[in-house]
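The structure under discussion appears below in the form of C-alpha coordinates.
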Amino acid sequence: MAVETADPGPGERSFDPEDWDELRRLGHRAIDDAIDYLAQVRERPAWQPVPQATKALLEGEVPRGPTDVEAVYDLVREHVLPYPTNNIHPRFWSWVGGTGTPTQLIADLVISAMNSASLGFDETASTYVELQLLDWLKQMLGFDENASGLLVSGGSMANLVGLAVARTHTAPYDVRERGVDSAQHPRLVFYASTETHSSVRKGVELLGLGSESLRLVEVDEEFRIDVRALSARIRADREAGLKPACIVANVGTVNTAAIDPLDELADIAEREALWLHADGAFGACAALSAQSKDLVAGMERADSLAFDLHKWMYVQYDCGCVLVRGDRPHRDTFSVTPAYLRSFARGLASGPRNFSEYGVQLSRSFKALRAWMALKTEGTDRFGEQIEQNIRQARYLSGRVDAEPLLERLAPTPLNIVNFRFLSDALDAAALDDLNAEILQRLHERGIAAPSSTQLPGGLSIRVAICNHRSRREDFDALIDGVIRIGRELTAGS
Ligand SMILES: *Cc1c(COP(=O)(O)O)cnc(C)c1O
(Lines give C-alpha, C1' and ligand atoms only; values in the text may rest on other atoms or scores of the structure.)
Protein backbone atom coordinates (compact mmCIF):
# COMPACT_ATOMS: atom_id res chain seq x y z
CA MET A 1 0.00 0.00 0.00
CA ALA A 2 1.24 3.46 -0.91
CA VAL A 3 0.79 4.72 2.64
CA GLU A 4 3.19 2.11 3.99
CA THR A 5 6.02 2.76 1.51
CA ALA A 6 5.82 6.49 2.21
CA ASP A 7 6.26 5.86 5.94
CA PRO A 8 9.89 5.06 6.78
CA GLY A 9 8.81 3.34 9.99
CA PRO A 10 8.85 4.42 13.58
CA GLY A 11 11.71 6.74 14.49
CA GLU A 12 13.77 6.20 11.36
CA ARG A 13 15.57 9.34 10.31
CA SER A 14 18.46 10.41 8.09
CA PHE A 15 20.84 13.34 7.99
CA ASP A 16 19.17 14.67 4.87
CA PRO A 17 17.57 18.07 5.40
CA GLU A 18 13.81 18.42 5.70
CA ASP A 19 14.02 21.44 3.44
CA TRP A 20 16.56 20.98 0.64
CA ASP A 21 15.96 24.52 -0.57
CA GLU A 22 17.21 25.90 2.71
CA LEU A 23 20.48 24.00 2.20
CA ARG A 24 20.59 25.24 -1.38
CA ARG A 25 20.35 28.86 -0.22
CA LEU A 26 23.09 28.34 2.34
CA GLY A 27 25.21 26.64 -0.32
CA HIS A 28 24.89 29.65 -2.61
CA ARG A 29 25.89 31.93 0.24
CA ALA A 30 28.91 29.76 1.08
CA ILE A 31 30.06 29.76 -2.55
CA ASP A 32 29.67 33.55 -2.72
CA ASP A 33 31.69 33.89 0.48
CA ALA A 34 34.44 31.56 -0.76
CA ILE A 35 34.76 33.41 -4.06
CA ASP A 36 34.84 36.83 -2.36
CA TYR A 37 37.40 35.42 0.06
CA LEU A 38 39.75 34.44 -2.75
CA ALA A 39 39.05 37.49 -4.90
CA GLN A 40 39.95 39.78 -1.98
CA VAL A 41 42.87 37.82 -0.55
CA ARG A 42 45.43 40.45 -1.59
CA GLU A 43 43.70 43.09 0.55
CA ARG A 44 44.22 41.07 3.74
CA PRO A 45 47.45 40.79 5.76
CA ALA A 46 49.88 38.00 4.89
CA TRP A 47 49.18 36.53 8.33
CA GLN A 48 47.05 37.35 11.34
CA PRO A 49 46.94 35.79 14.79
CA VAL A 50 44.01 33.66 15.95
CA PRO A 51 42.07 35.84 18.45
CA GLN A 52 41.34 34.67 21.99
CA ALA A 53 37.58 34.64 21.31
CA THR A 54 38.10 32.10 18.53
CA LYS A 55 40.37 29.90 20.64
CA ALA A 56 37.80 30.01 23.46
CA LEU A 57 35.02 28.98 21.08
CA LEU A 58 37.12 26.11 19.77
CA GLU A 59 37.69 24.78 23.26
CA GLY A 60 33.94 24.44 23.93
CA GLU A 61 31.97 21.41 25.06
CA VAL A 62 31.05 18.40 22.91
CA PRO A 63 27.75 19.37 21.21
CA ARG A 64 25.21 16.79 22.40
CA GLY A 65 22.26 18.43 20.70
CA PRO A 66 21.75 20.07 17.28
CA THR A 67 22.47 23.60 16.12
CA ASP A 68 20.99 25.08 12.99
CA VAL A 69 23.43 24.61 10.10
CA GLU A 70 23.22 28.26 9.14
CA ALA A 71 24.28 29.26 12.67
CA VAL A 72 27.15 26.76 12.52
CA TYR A 73 28.22 28.15 9.17
CA ASP A 74 28.14 31.69 10.59
CA LEU A 75 30.54 30.57 13.33
CA VAL A 76 32.86 29.08 10.73
CA ARG A 77 32.65 32.23 8.65
CA GLU A 78 33.49 34.44 11.61
CA HIS A 79 36.00 32.29 13.51
CA VAL A 80 37.62 29.82 11.12
CA LEU A 81 37.70 31.30 7.63
CA PRO A 82 39.69 34.44 8.54
CA TYR A 83 42.62 32.53 10.09
CA PRO A 84 44.15 30.19 7.51
CA THR A 85 47.82 29.26 7.10
CA ASN A 86 47.32 31.80 4.33
CA ASN A 87 49.30 30.05 1.63
CA ILE A 88 46.56 31.48 -0.60
CA HIS A 89 48.05 34.96 -0.03
CA PRO A 90 50.35 36.52 -2.70
CA ARG A 91 53.08 37.18 -0.11
CA PHE A 92 53.09 33.70 1.44
CA TRP A 93 56.37 31.86 0.83
CA SER A 94 56.76 29.64 3.92
CA TRP A 95 58.02 26.05 3.86
CA VAL A 96 56.86 24.82 0.45
CA GLY A 97 53.27 25.99 0.53
CA GLY A 98 51.15 25.85 -2.60
CA THR A 99 48.34 28.29 -3.38
CA GLY A 100 45.71 26.15 -5.09
CA THR A 101 43.43 27.64 -7.77
CA PRO A 102 39.88 29.05 -7.53
CA THR A 103 38.29 26.68 -10.05
CA GLN A 104 39.08 23.76 -7.76
CA LEU A 105 36.36 25.05 -5.41
CA ILE A 106 33.94 23.61 -7.91
CA ALA A 107 35.79 20.28 -7.95
CA ASP A 108 35.55 20.16 -4.15
CA LEU A 109 31.78 20.52 -4.30
CA VAL A 110 31.53 17.65 -6.77
CA ILE A 111 33.97 15.51 -4.75
CA SER A 112 31.94 16.00 -1.60
CA ALA A 113 28.61 15.40 -3.34
CA MET A 114 29.85 12.12 -4.89
CA ASN A 115 31.78 11.11 -1.77
CA SER A 116 33.51 8.32 -3.71
CA ALA A 117 35.84 5.99 -1.82
CA SER A 118 38.18 5.91 -4.85
CA LEU A 119 39.08 2.26 -4.44
CA GLY A 120 39.87 1.77 -8.10
CA PHE A 121 38.31 -1.67 -8.29
CA ASP A 122 34.95 0.00 -8.01
CA GLU A 123 33.63 0.61 -11.52
CA THR A 124 33.09 4.36 -11.19
CA ALA A 125 34.02 7.46 -13.15
CA SER A 126 36.36 8.48 -10.31
CA THR A 127 38.62 5.50 -11.08
CA TYR A 128 38.99 6.54 -14.70
CA VAL A 129 39.62 10.18 -13.79
CA GLU A 130 42.46 9.11 -11.48
CA LEU A 131 43.94 6.71 -14.06
CA GLN A 132 43.88 9.39 -16.73
CA LEU A 133 45.43 11.91 -14.34
CA LEU A 134 48.24 9.45 -13.54
CA ASP A 135 48.86 8.93 -17.26
CA TRP A 136 48.95 12.67 -17.83
CA LEU A 137 51.39 13.13 -14.96
CA LYS A 138 53.73 10.46 -16.34
CA GLN A 139 53.72 12.17 -19.73
CA MET A 140 54.14 15.65 -18.26
CA LEU A 141 57.18 14.53 -16.24
CA GLY A 142 58.59 12.31 -18.99
CA PHE A 143 58.34 9.24 -16.77
CA ASP A 144 58.03 5.61 -17.92
CA GLU A 145 54.61 5.23 -19.53
CA ASN A 146 54.28 1.73 -18.08
CA ALA A 147 54.91 2.98 -14.56
CA SER A 148 52.34 2.38 -11.89
CA GLY A 149 51.17 5.34 -9.88
CA LEU A 150 49.11 6.35 -6.93
CA LEU A 151 47.75 9.57 -5.50
CA VAL A 152 48.57 9.89 -1.82
CA SER A 153 48.31 12.50 0.91
CA GLY A 154 51.59 14.20 0.03
CA GLY A 155 55.33 13.94 -0.44
CA SER A 156 55.89 12.25 2.91
CA MET A 157 53.55 9.39 2.04
CA ALA A 158 54.86 9.26 -1.53
CA ASN A 159 58.40 8.88 -0.16
CA LEU A 160 57.27 6.16 2.25
CA VAL A 161 55.64 4.21 -0.59
CA GLY A 162 58.69 4.57 -2.87
CA LEU A 163 61.09 3.56 -0.10
CA ALA A 164 58.89 0.58 0.78
CA VAL A 165 59.11 -0.63 -2.82
CA ALA A 166 62.88 -0.13 -2.70
CA ARG A 167 63.10 -2.23 0.45
CA THR A 168 60.94 -5.08 -0.83
CA HIS A 169 62.61 -5.10 -4.21
CA THR A 170 66.22 -5.08 -2.97
CA ALA A 171 65.96 -7.42 0.03
CA PRO A 172 67.40 -10.81 -0.96
CA TYR A 173 64.68 -12.49 1.11
CA ASP A 174 60.92 -12.07 1.50
CA VAL A 175 60.92 -9.01 3.69
CA ARG A 176 57.12 -8.83 3.70
CA GLU A 177 56.92 -12.25 5.28
CA ARG A 178 60.01 -12.31 7.43
CA GLY A 179 60.30 -8.65 8.37
CA VAL A 180 63.66 -6.90 8.27
CA ASP A 181 66.11 -9.63 9.16
CA SER A 182 69.53 -8.18 9.80
CA ALA A 183 70.42 -11.10 12.07
CA GLN A 184 70.67 -13.53 9.18
CA HIS A 185 71.13 -11.20 6.24
CA PRO A 186 73.32 -8.21 5.49
CA ARG A 187 71.72 -4.95 6.59
CA LEU A 188 70.06 -3.00 3.74
CA VAL A 189 71.65 0.44 3.41
CA PHE A 190 70.00 3.54 1.93
CA TYR A 191 71.89 6.68 0.82
CA ALA A 192 70.81 10.31 0.64
CA SER A 193 72.42 13.71 1.11
CA THR A 194 72.47 15.58 4.41
CA GLU A 195 70.00 18.03 2.82
CA THR A 196 67.33 15.34 2.40
CA HIS A 197 63.83 15.98 3.76
CA SER A 198 62.98 14.53 7.18
CA SER A 199 60.20 12.39 5.68
CA VAL A 200 62.87 10.13 4.14
CA ARG A 201 64.33 9.41 7.54
CA LYS A 202 60.82 8.82 8.91
CA GLY A 203 60.12 6.40 6.07
CA VAL A 204 63.33 4.47 6.66
CA GLU A 205 62.50 4.25 10.37
CA LEU A 206 58.90 3.16 9.76
CA LEU A 207 60.09 0.45 7.39
CA GLY A 208 62.02 -1.06 10.28
CA LEU A 209 65.39 -0.41 8.66
CA GLY A 210 66.49 1.94 11.43
CA SER A 211 67.89 5.40 10.76
CA GLU A 212 71.39 3.91 11.15
CA SER A 213 70.71 2.32 7.77
CA LEU A 214 70.30 5.75 6.18
CA ARG A 215 73.70 7.12 5.24
CA LEU A 216 73.59 10.89 5.02
CA VAL A 217 76.27 11.86 2.54
CA GLU A 218 77.85 15.33 2.60
CA VAL A 219 77.00 17.99 0.01
CA ASP A 220 79.09 20.38 -2.08
CA GLU A 221 78.93 24.17 -1.70
CA GLU A 222 75.79 24.20 -3.83
CA PHE A 223 74.07 21.75 -1.46
CA ARG A 224 74.16 18.84 -3.95
CA ILE A 225 75.19 15.37 -2.89
CA ASP A 226 78.95 14.73 -3.15
CA VAL A 227 78.97 11.92 -5.69
CA ARG A 228 82.52 10.79 -4.93
CA ALA A 229 81.79 10.58 -1.21
CA LEU A 230 78.67 8.59 -2.06
CA SER A 231 80.63 6.10 -4.19
CA ALA A 232 83.24 5.72 -1.47
CA ARG A 233 80.54 5.10 1.11
CA ILE A 234 78.86 2.43 -1.01
CA ARG A 235 82.21 0.70 -1.54
CA ALA A 236 83.04 0.79 2.18
CA ASP A 237 79.62 -0.62 3.10
CA ARG A 238 80.00 -3.45 0.62
CA GLU A 239 83.44 -4.25 1.97
CA ALA A 240 81.97 -4.30 5.47
CA GLY A 241 79.50 -6.98 4.36
CA LEU A 242 76.42 -4.75 4.23
CA LYS A 243 73.97 -4.56 1.34
CA PRO A 244 73.75 -1.16 -0.36
CA ALA A 245 70.12 -1.01 -1.52
CA CYS A 246 68.83 2.42 -2.47
CA ILE A 247 69.91 5.94 -3.36
CA VAL A 248 67.52 8.81 -2.69
CA ALA A 249 68.04 11.64 -5.17
CA ASN A 250 66.86 15.14 -4.34
CA VAL A 251 65.11 16.92 -7.18
CA GLY A 252 64.94 20.20 -5.27
CA THR A 253 65.98 20.09 -1.61
CA VAL A 254 63.68 21.60 0.94
CA ASN A 255 66.28 24.10 2.20
CA THR A 256 67.62 25.60 -1.01
CA ALA A 257 66.01 23.72 -3.95
CA ALA A 258 69.36 22.13 -4.81
CA ILE A 259 69.11 19.46 -7.48
CA ASP A 260 71.43 16.48 -7.04
CA PRO A 261 73.41 15.41 -10.14
CA LEU A 262 70.63 13.14 -11.32
CA ASP A 263 72.33 11.48 -14.27
CA GLU A 264 75.39 10.65 -12.20
CA LEU A 265 73.22 9.16 -9.46
CA ALA A 266 71.32 7.14 -12.05
CA ASP A 267 74.65 5.86 -13.45
CA ILE A 268 75.84 4.83 -9.99
CA ALA A 269 72.52 3.13 -9.19
CA GLU A 270 72.70 1.26 -12.48
CA ARG A 271 76.31 0.20 -11.99
CA GLU A 272 75.78 -0.87 -8.40
CA ALA A 273 72.32 -2.40 -8.99
CA LEU A 274 70.68 -0.08 -6.46
CA TRP A 275 67.13 1.24 -6.43
CA LEU A 276 66.97 4.95 -7.29
CA HIS A 277 64.20 6.86 -5.56
CA ALA A 278 63.78 10.53 -6.46
CA ASP A 279 62.21 12.99 -4.03
CA GLY A 280 60.86 15.62 -6.39
CA ALA A 281 58.29 16.97 -3.94
CA PHE A 282 58.22 20.34 -5.66
CA GLY A 283 61.26 20.29 -7.96
CA ALA A 284 59.86 17.62 -10.26
CA CYS A 285 57.38 20.22 -11.52
CA ALA A 286 60.22 22.19 -13.13
CA ALA A 287 59.90 19.56 -15.89
CA LEU A 288 56.71 21.35 -16.98
CA SER A 289 58.59 24.52 -17.88
CA ALA A 290 59.96 24.59 -21.43
CA GLN A 291 62.81 26.86 -20.29
CA SER A 292 63.77 25.01 -17.11
CA LYS A 293 63.04 21.36 -17.75
CA ASP A 294 66.72 20.64 -18.42
CA LEU A 295 67.48 21.46 -14.79
CA VAL A 296 65.77 18.23 -13.73
CA ALA A 297 66.83 16.06 -16.66
CA GLY A 298 67.75 12.57 -15.46
CA MET A 299 64.88 12.49 -12.98
CA GLU A 300 62.99 10.19 -15.37
CA ARG A 301 65.69 7.55 -14.86
CA ALA A 302 64.61 7.00 -11.26
CA ASP A 303 62.89 3.73 -10.34
CA SER A 304 60.41 5.61 -8.21
CA LEU A 305 59.49 9.29 -8.13
CA ALA A 306 57.66 11.10 -5.35
CA PHE A 307 56.16 14.53 -5.92
CA ASP A 308 53.41 16.78 -4.69
CA LEU A 309 50.60 18.30 -6.65
CA HIS A 310 49.67 20.52 -3.71
CA LYS A 311 52.96 22.41 -3.87
CA TRP A 312 54.18 23.51 -7.26
CA MET A 313 51.27 22.20 -9.29
CA TYR A 314 48.94 24.59 -7.47
CA VAL A 315 46.48 21.85 -6.50
CA GLN A 316 44.50 22.24 -3.28
CA TYR A 317 45.61 20.23 -0.23
CA ASP A 318 46.16 17.46 0.00
CA CYS A 319 47.55 15.71 -3.03
CA GLY A 320 50.83 13.92 -3.59
CA CYS A 321 51.80 11.25 -6.09
CA VAL A 322 54.23 8.38 -6.43
CA LEU A 323 55.20 6.75 -9.72
CA VAL A 324 57.06 3.44 -9.85
CA ARG A 325 58.78 2.06 -12.92
CA GLY A 326 57.30 -1.19 -14.21
CA ASP A 327 54.28 -2.13 -12.12
CA ARG A 328 55.30 -5.40 -10.56
CA PRO A 329 57.70 -4.07 -7.88
CA HIS A 330 55.05 -1.64 -6.70
CA ARG A 331 52.29 -4.19 -6.54
CA ASP A 332 54.50 -6.88 -5.07
CA THR A 333 55.17 -4.53 -2.17
CA PHE A 334 51.60 -3.80 -1.15
CA SER A 335 49.23 -6.32 -2.64
CA VAL A 336 46.88 -7.99 -0.17
CA THR A 337 43.51 -9.10 -1.53
CA PRO A 338 41.12 -10.39 1.11
CA ALA A 339 37.88 -12.09 0.13
CA TYR A 340 35.76 -9.11 1.07
CA LEU A 341 37.61 -6.96 -1.49
CA ARG A 342 37.14 -9.41 -4.35
CA SER A 343 36.59 -7.90 -7.75
CA PHE A 344 34.31 -9.27 -10.43
CA ALA A 345 34.02 -9.21 -14.20
CA ARG A 346 30.83 -7.18 -14.03
CA GLY A 347 28.94 -4.97 -11.64
CA LEU A 348 30.11 -2.43 -9.07
CA ALA A 349 33.32 -4.30 -8.19
CA SER A 350 34.58 -4.62 -11.78
CA GLY A 351 36.85 -1.55 -11.88
CA PRO A 352 40.25 -1.77 -13.61
CA ARG A 353 42.72 -1.21 -10.75
CA ASN A 354 42.74 -2.03 -7.07
CA PHE A 355 44.59 1.02 -5.75
CA SER A 356 45.00 -0.58 -2.32
CA GLU A 357 47.51 -2.97 -3.92
CA TYR A 358 49.78 0.04 -4.52
CA GLY A 359 49.91 1.78 -1.19
CA VAL A 360 48.92 1.99 2.44
CA GLN A 361 45.43 3.41 2.17
CA LEU A 362 42.25 1.59 1.21
CA SER A 363 39.51 4.24 1.22
CA ARG A 364 40.67 7.53 -0.25
CA SER A 365 39.05 10.82 -1.20
CA PHE A 366 38.40 11.58 -4.87
CA LYS A 367 41.16 14.19 -4.80
CA ALA A 368 42.09 13.30 -8.38
CA LEU A 369 39.20 15.42 -9.62
CA ARG A 370 40.75 18.67 -8.34
CA ALA A 371 43.97 18.13 -10.24
CA TRP A 372 42.18 16.76 -13.27
CA MET A 373 39.87 19.78 -13.45
CA ALA A 374 42.74 22.20 -12.90
CA LEU A 375 44.85 20.65 -15.68
CA LYS A 376 41.90 20.45 -18.03
CA THR A 377 40.83 24.02 -17.30
CA GLU A 378 44.23 25.67 -17.62
CA GLY A 379 46.12 23.29 -19.89
CA THR A 380 49.59 22.06 -19.04
CA ASP A 381 51.34 24.77 -21.09
CA ARG A 382 49.88 27.33 -18.74
CA PHE A 383 51.12 25.39 -15.72
CA GLY A 384 54.62 25.35 -17.21
CA GLU A 385 54.50 29.12 -17.75
CA GLN A 386 53.31 29.72 -14.21
CA ILE A 387 56.15 27.59 -12.82
CA GLU A 388 58.64 29.46 -14.98
CA GLN A 389 57.24 32.75 -13.66
CA ASN A 390 58.06 31.59 -10.13
CA ILE A 391 61.61 30.68 -11.19
CA ARG A 392 62.08 34.13 -12.72
CA GLN A 393 60.70 35.73 -9.57
CA ALA A 394 63.25 33.81 -7.48
CA ARG A 395 66.02 35.17 -9.72
CA TYR A 396 64.57 38.66 -9.43
CA LEU A 397 64.49 38.45 -5.63
CA SER A 398 68.05 37.07 -5.57
CA GLY A 399 69.16 40.01 -7.71
CA ARG A 400 67.50 42.49 -5.37
CA VAL A 401 69.15 40.86 -2.32
CA ASP A 402 72.56 40.91 -4.02
CA ALA A 403 72.17 44.60 -4.81
CA GLU A 404 71.43 45.58 -1.18
CA PRO A 405 74.51 46.11 1.00
CA LEU A 406 72.42 45.43 4.13
CA LEU A 407 71.36 42.00 2.87
CA GLU A 408 73.32 38.82 2.26
CA ARG A 409 72.28 35.82 0.21
CA LEU A 410 73.05 32.56 2.01
CA ALA A 411 72.64 30.04 -0.82
CA PRO A 412 72.55 29.79 -4.60
CA THR A 413 69.12 30.05 -6.23
CA PRO A 414 68.94 27.14 -8.65
CA LEU A 415 65.14 27.09 -8.81
CA ASN A 416 62.43 28.75 -6.73
CA ILE A 417 63.86 29.12 -3.20
CA VAL A 418 65.80 32.20 -2.03
CA ASN A 419 67.73 32.31 1.26
CA PHE A 420 69.05 35.55 2.71
CA ARG A 421 69.53 37.54 5.89
CA PHE A 422 69.89 41.08 7.19
CA LEU A 423 73.47 42.02 8.03
CA SER A 424 74.93 44.19 10.73
CA ASP A 425 78.68 44.73 11.25
CA ALA A 426 78.19 45.24 14.97
CA LEU A 427 76.80 41.74 15.63
CA ASP A 428 78.43 38.32 15.99
CA ALA A 429 77.03 35.13 14.41
CA ALA A 430 74.64 34.22 17.25
CA ALA A 431 73.32 37.76 17.53
CA LEU A 432 72.76 37.89 13.76
CA ASP A 433 70.71 34.69 13.98
CA ASP A 434 68.60 36.24 16.77
CA LEU A 435 68.20 39.45 14.79
CA ASN A 436 66.97 37.64 11.70
CA ALA A 437 64.62 35.44 13.74
CA GLU A 438 63.16 38.65 15.19
CA ILE A 439 62.84 40.23 11.74
CA LEU A 440 60.99 37.14 10.52
CA GLN A 441 58.48 37.20 13.37
CA ARG A 442 57.83 40.91 12.93
CA LEU A 443 57.27 40.41 9.19
CA HIS A 444 54.53 37.94 10.13
CA GLU A 445 53.06 39.97 12.98
CA ARG A 446 52.78 43.07 10.83
CA GLY A 447 51.21 41.04 8.05
CA ILE A 448 53.88 42.21 5.59
CA ALA A 449 54.91 38.83 4.23
CA ALA A 450 55.17 35.20 5.32
CA PRO A 451 58.52 33.62 4.49
CA SER A 452 59.87 30.85 6.76
CA SER A 453 63.40 30.18 7.95
CA THR A 454 66.14 27.60 7.96
CA GLN A 455 69.63 27.21 9.33
CA LEU A 456 72.38 27.23 6.69
CA PRO A 457 76.17 27.16 7.11
CA GLY A 458 76.14 30.96 6.76
CA GLY A 459 73.57 31.44 9.54
CA LEU A 460 69.84 31.64 10.11
CA SER A 461 68.20 32.46 6.84
CA ILE A 462 64.95 34.10 5.84
CA ARG A 463 63.74 31.49 3.40
CA VAL A 464 61.43 32.35 0.51
CA ALA A 465 59.94 29.35 -1.34
CA ILE A 466 57.90 30.48 -4.32
CA CYS A 467 55.11 28.10 -5.42
CA ASN A 468 52.64 30.95 -5.57
CA HIS A 469 50.80 31.95 -8.74
CA ARG A 470 49.50 35.14 -7.08
CA SER A 471 52.90 36.69 -6.28
CA ARG A 472 54.04 39.68 -8.31
CA ARG A 473 57.36 41.52 -8.41
CA GLU A 474 55.93 44.24 -6.19
CA ASP A 475 55.37 41.59 -3.51
CA PHE A 476 59.08 40.75 -3.46
CA ASP A 477 59.88 44.47 -3.36
CA ALA A 478 57.58 44.75 -0.33
CA LEU A 479 59.47 41.91 1.34
CA ILE A 480 62.86 43.54 0.74
CA ASP A 481 61.57 46.88 2.03
CA GLY A 482 60.04 45.21 5.09
CA VAL A 483 63.20 43.31 6.01
CA ILE A 484 65.41 46.39 5.65
CA ARG A 485 63.00 48.62 7.57
CA ILE A 486 62.64 46.19 10.47
CA GLY A 487 66.36 45.37 10.44
CA ARG A 488 67.21 49.07 10.69
CA GLU A 489 64.74 49.58 13.53
CA LEU A 490 66.25 46.70 15.46
CA THR A 491 69.86 47.75 14.95
CA ALA A 492 69.38 51.51 15.37
CA GLY A 493 72.01 52.76 17.80
CA SER A 494 74.02 49.51 17.81
C1 LIG B 1 57.43 19.14 1.27
C2 LIG B 1 58.46 18.12 1.01
C3 LIG B 1 58.28 16.80 1.40
C4 LIG B 1 57.06 16.34 2.19
O5 LIG B 1 55.89 16.55 1.46
P6 LIG B 1 54.46 16.70 2.19
O7 LIG B 1 53.55 16.89 1.04
O8 LIG B 1 54.55 17.91 3.06
O9 LIG B 1 54.23 15.46 2.96
C10 LIG B 1 59.26 15.89 1.06
N11 LIG B 1 60.37 16.28 0.39
C12 LIG B 1 60.58 17.57 0.02
C13 LIG B 1 61.82 17.92 -0.74
C14 LIG B 1 59.63 18.53 0.33
O15 LIG B 1 59.81 19.80 -0.04
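The values are calculated or read from the model by the stated rules, or taken from the named source; none is laboratory data. Quantities reported herein were computed from a predicted structural model and do not represent experimental measurements. Neighbour counts run over all protein chains shown; Cβ positions are idealised from the backbone, glycine included.
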Next item on the list: Could you tell me which residue of segment 408-437 is nearest to the chain's Cα centre (by Cα), considering only residues that are assigned to a helix (DSSP H, G or I) and within 16 Å of residue 94 (Cα to Cα)?
Entry: 437
Checklist line | Conditions (1) touching a Cys at 6+ places or on another chain (Cβ under 8 Å); (2) more than 25 Å from residue 286 (Cβ to Cβ); number of the one not met by residue 403 | finding: (1)
Notebook entry, point to check: Which of the following residues is among the aliphatic types (A, V, I, L, M), within 14 Å of the ligand (Cβ to nearest atom) and either in a helix (DSSP H, G or I) or closer than 17 Å to residue 97 by Cβ (or both): 284, 278, 306?
Noted result: 284
Check: So how many residues does segment 156-190 have that are under 22 Å from the mean Cα position of the chain (by Cα) and more than 20 Å from residue 329 (Cα to Cα)?
Finding: 0
Margin query: Residues that are in a helix (DSSP H, G or I), under 27 Å from the mean Cα position of the chain (by Cα) and within 19 Å of residue 447 (Cα to Cα): does segment 58-80 have at least one?
Written below: yes
Next item on the list: Return the pairs, sorted by first residue and then second, in which the second residue is buried (at least 24 other Cβ atoms within 10 Å of the Cβ) and among the β-branched types (Val, Ile, Thr), the first residue lies in segment 265-278 and is modelled with pLDDT of 95 or more, the beta carbons are less than 6 Å apart, and the residues are 6+ apart or on different chains.
Entry: 265/247; 269/247; 274/247; 276/247; 277/248; 278/251
Note to self: Tell me whether segment 307-329 contains one or more residues that are without any contact (Cβ under 8 Å) to a residue 40 or more places away in the chain and among the small types (Gly, Ala, Ser).
What the structure shows: no
Check: How many residues does segment 309-356 hold that are part of a helix (DSSP H, G or I) and either surrounded by 14 or more Cβ atoms within 10 Å (Cβ to Cβ) or within 16 Å of the ligand (Cβ to nearest atom) (or both)?
Finding: 9
Notebook entry, point to check: Pick from segment 287-303 the residues that are assigned to a loop (DSSP other than H, G, I, E, B) and closer than 16 Å to residue 158 by Cα: which of them is farthest from the ligand (Cβ to nearest atom)?
Noted result: 303
Note to self: Please determine whether any residue of segment 135-142 is away from the ligand (no atom under 16 Å from the Cβ), at pLDDT 95 or above, farther than 23 Å from residue 381 by Cβ and among the acidic types (Asp, Glu).
What the structure shows: no
Item checked: Whichever residue in segment 241-261 is farther than 15 Å from residue 415 by Cα and either β-branched (Val, Ile, Thr) or surrounded by 22 or more Cβ atoms within 10 Å (Cβ to Cβ) (or both) and, among such residues, is farthest from the ligand (Cβ to nearest atom) -> 244
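Which of the residues spanning segment 154-182 are within 16 Å of the ligand (Cβ to nearest atom) and part of a helix (DSSP H, G or I)?
155, 156, 157, 158, 159, 160, 161, 162, 163, 164, 166
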Notebook entry, point to check: Between residues in segment 426-447 that are at positive phi and residues that are not in a helix (DSSP H, G or I), which pairs lie under 9 Å by C-beta distance while being six or more apart or on different chains?
Noted result: 447/44; 447/45; 447/46; 447/47; 447/48; 447/91
Margin query: Being in a loop (DSSP other than H, G, I, E, B), away from the ligand (no atom under 15 Å from the Cβ) and of a type outside the set (A, V, I, L, M, F, W, C) is the filter here; which residues of segment 183-205 pass it?
Written below: 184, 185, 186, 187
Check: What is the number of the single condition among (1) more than 16 Å from the ligand (Cβ to nearest atom); (2) assigned to a strand (DSSP E or B) that residue 266 does not meet?
Finding: (2)
Note to self: Regarding segment 92-104, can at least one residue be identified that is part of a helix (DSSP H, G or I) and either surrounded by 12 or more Cβ atoms within 10 Å (Cβ to Cβ) or free of Cβ contacts under 8 Å to residues at least 24 places away in the same chain (or both)?
What the structure shows: yes
